[in-house]
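The values are calculated or read from the model by the stated rules, or taken from the named source; none is laboratory data. None of the values given here were measured: they were computed from a predicted structure. Methodologically, a virtual Cβ is constructed for each residue, glycine included, from the backbone with ideal geometry; neighbour enumeration extends over all protein chains shown. What goes into the accessible areas is simple: the full protein's heavy atoms, side chains included, and nothing from ligands, DNA or RNA. Shrake-Rupley method; radii C 1.70, N 1.55, O 1.52, S 1.80 Å.
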Amino acid sequence: MLEYTSQTIAVVSACICNRCQRRLVTDDMDWQERLSISYRAGYSSIFGDGNTVSLDLCQQCVSEVLGSWLKIESSELNSAEDQELLAIANARLQDGKPWVEVDVDKL
């Protein structure tokens, strides 16, 4: 028999952009487009050994601050090569074949 214990957990419900102070909530369309970064700086980091570095930006600020460095690619399969690869993958999937075949003798 299983026994259960009640516990309270914290769930992110909002995010405030560190640049423009715009408040984003989870049911907002912009929520999915925000950029949140959080990591622990390593040894000899310019941010200080072991310090936590974090940043939250709305999509407008991401575009304004990082726009010239962002690499944005279409998610649509537009090229003939993309269509051909998709057709091959679908055919292999229907035939039950692996996505990639490896010739172990050439490794």
For this session: Answer with yes or no whether D82 is at pLDDT below 95 and within 20 Å of the chain's Cα centre (by Cα).
Result: no
Exercise. Among the residues of region 37-54, how many are open to solvent by 60 Å² or more (accessible area, probe 1.4 Å) and either hydrophobic (A, V, I, L, M, F, W, C) or in contact with an Asp or Glu (Cβ under 6 Å, 6 or more places away or on another chain) (or both)?
Worked result: 4
Exercise. Restricting the first residue to region 9-31 and requiring it to be at positive phi and among the basic types (K, R), which pairs with a second residue that is at pLDDT below 95 and open to solvent by 100 Å² or more (accessible area, probe 1.4 Å) meet a Cβ separation below 6 Å and a spacing of at least six or different chains?
Worked result: none
Seminar exercise, completed: In region 55-93, anything outside any loop (DSSP other than H, G, I, E, B), open to solvent by 90 Å² or more (accessible area, probe 1.4 Å), charged (D, E, K, R) and over 21 Å from M29 (Cα atoms) is listed as E81, E84
Problem set entry | Qualifying residue in region 10-27 (condition: of a type in the set (S, T, Y), modelled with pLDDT of 95 or more, in contact with a strand residue (DSSP E or B) (Cβ under 9 Å, 6 or more places away or on another chain) and open to solvent by 50 Å² or more (accessible area, probe 1.4 Å)) | no
